[in-house]
Amino acid sequence: MTDSPAEQLRRQEMARTELQSAQLVESSDPQTALLHLLRAEQLDAQNTAILLLIGRTQLRLNLALDAVDSLERMLRLEPGHQEALSTLAYGQVLLGNYDIAKERAQQALGLDPEDRTAREVLADCHVAVGDFAACLMELNHLTVVLTEGALARVTQKAAYCLFRLGHFKSALTATSTLLENGFENERINAIYLEAQQKVREEIAQKYPNLTLWQRFTNRLNDSMLLRVHLDSTRGMESLQVRYDDAQVELRETGVAMEEHERRADELARKANTDQLTGLPNRHCFNDHWLPKIAASQWCGIVAFDLDFFKYVNSVHEHAGGDRVLAKAADIGGRVFRQPDAHLFRFGGEEFYAVVFLPRLGVLDLAERFRAQLEKDAAAELAREGLTLLWPEGDDKAGWPANKARLVPRTLTASLGVAYWPRDGADVDAVMKAADKACYAAKHGGRNRVVVYHAGMAGAEAPPVAQEAPAKAPMGLRPTAIRKERPSRRTAAKASADEPEEGVISVESLLGDKDPVKVEEAQ
């Protein structure tokens, strides 16, 4: 018997509660977290977030077979989920299914070339077939910042490959570094001891008097042999002094490098992140995403501005304006922060989304964001203590001198869509095309999605109209129009021409059809 809609909603809400309870204890008590997750799955078996977390938790509990089953079910619901693919690949490695693991890892890397888990899985697959050079190449591709534990794990794998390739000194250096930093297990110890013996044999052949020197001092060890140049003409006292100095210098250098790396990581994070919203910023876009867009065969760029944002700052001051910007970024993150979509804030109310999907997929996300912003933003802000208001009446520019009453309003945005490489010779030209479409959306009445077309001339910012947005609440629809100074984006990127007729809107492209079905039909 099928549950009623009300019963389904109730079960989904209970499942979300169980999921939240699991997330709270996942790191400290995975066994309890798994119990919460299994109850959540019984309530909502189609929730992919629940299935993904079940798989990850089962792997932490060494239940690899169960984890693989959970992740396979999750991928049947959402085949292109990058994290699920890489996690499943890791589970298959634990089960010894290296061919399947390699296939899943390559699928995950196709979605995100910087997926560390998938890259490590490929390294493990190469080791399984004895291709140690290929394993080292995969480990060298790990360009993301590694945590301390992940760095130790990768270093151990590299040491094993170096040893198997005959680079005994490098393997000994890697394992001795791990041991000095407190990372020790049976495999690290074994590589260290075997590499140490190989290095002794190599040095004994090169320096025949080494055995005599070792008999005179018990402080001459393998670490010194690697770090101090051996000179058979020097006495033992001089050699010992050089070794002690080298040890002190190495320790001081290590501490300085760790502090330097920590500061560099922090500066890189701040340089690439917008401090208000937590979104990646213009610097991150230019350095990391422009090359990806230029190298792609097809990409949608969505530019959007918040409608009537001037009045948010006028009524709620800049602190309130910051909260509204953060809320728009939060809702945009829910829609655009996906494996194939990424959201950026360039400053002020200037946002861009990059979507690596076909045309109708880009339009679907843009329209989904527009509708969700209009539906949820004002209500969520109100629950957080900020009731979104603006002046009632036609003369909004005269507020507060005219003492107009403040009335509730919704938050809306105007969106422009352009496509790479269809709409420009370079990515910057496509972004300007998206801006022009954004201005056209504002000219067309705001709160809408407009697609750039070749006949669309540069457009200046629309006059700040005193009419309400397209779907204004409270039945308010003032009609007077007042012009004000063009926005910063307009002054920088748009000419003084008015937009031409024939603006293409998302409604005309999607119609009443389900965007996904339309795309499949094409």
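The values are calculated or read from the model by the stated rules, or taken from the named source; none is laboratory data. A quick note: this is a predicted structure, and the numbers were derived from the prediction, not measured. Note that each Cβ is placed from the backbone with ideal geometry, even for glycine, and that neighbours are counted across all protein chains shown. In case anyone asks, the SASA skips ligands and DNA or RNA and just uses the protein heavy atoms, side chains included. Shrake-Rupley method; radii C 1.70, N 1.55, O 1.52, S 1.80 Å.
Under the simplified labelling scheme, the residue 137-residue 95 pair shows an inter-label distance of 2.9 nm, with each label point 7 Å from Cα along Cα→Cβ. In this structure, residue 28 and residue 114 have a Cβ-Cβ separation that, at R0 = 30 Å, corresponds to a calculated FRET efficiency of about 0.60. Close amide H partners of residue 407, meaning residues 5 or more places away or on another chain with modelled amide H under 5 Å apart, are 390, 392. For the range 248-365, with all protein chains in place and a probe radius of 1.4 Å, 54% of the accessible heavy-atom surface sits on carbon or sulfur. The gain in end-to-end length when the residue 428 to residue 13 segment is fully stretched comes to 145.0 nm, 0.36 nm per residue minus the alpha carbon separation.
Per residue, what accessible area does the range 307-399 have, given a 1.4 Å probe and all protein chains present, in Å²?
Roughly 36 Å² per residue, with all protein chains present.
Seen from residue 423, the other residues with C-beta closer than 10 Å to its C-beta sum to a net charge of +3, counting Lys and Arg as +1 and Asp and Glu as -1.
Spin-label model, residue 189 to residue 49: label points 7 Å out along the Cα-to-beta-carbon direction sit 4.4 nm apart. Ranked by the mean number of other Cβ atoms within 10 Å of their residues, highest first, the peptides 437-443, 346-352 fall in the order 437-443, 346-352. When the accessible area of the range 28-92 is computed with all protein chains present and a 1.4 Å probe, what percentage of it is carbon and sulfur? It is 50 percent, rounded to a whole number.
Extension gain, residue 62-residue 271: 0.36 nm per intervening residue step, less the Cα-Cα distance, totals 71.4 nm. Computed with a 1.4 Å probe on the full set of protein chains, the accessible area for residue 399 sits at about 60 Å².
Would you list 90, 452, 419, 192 from the most to the least accessible area, probe 1.4 Å?
90, 192, 452, 419
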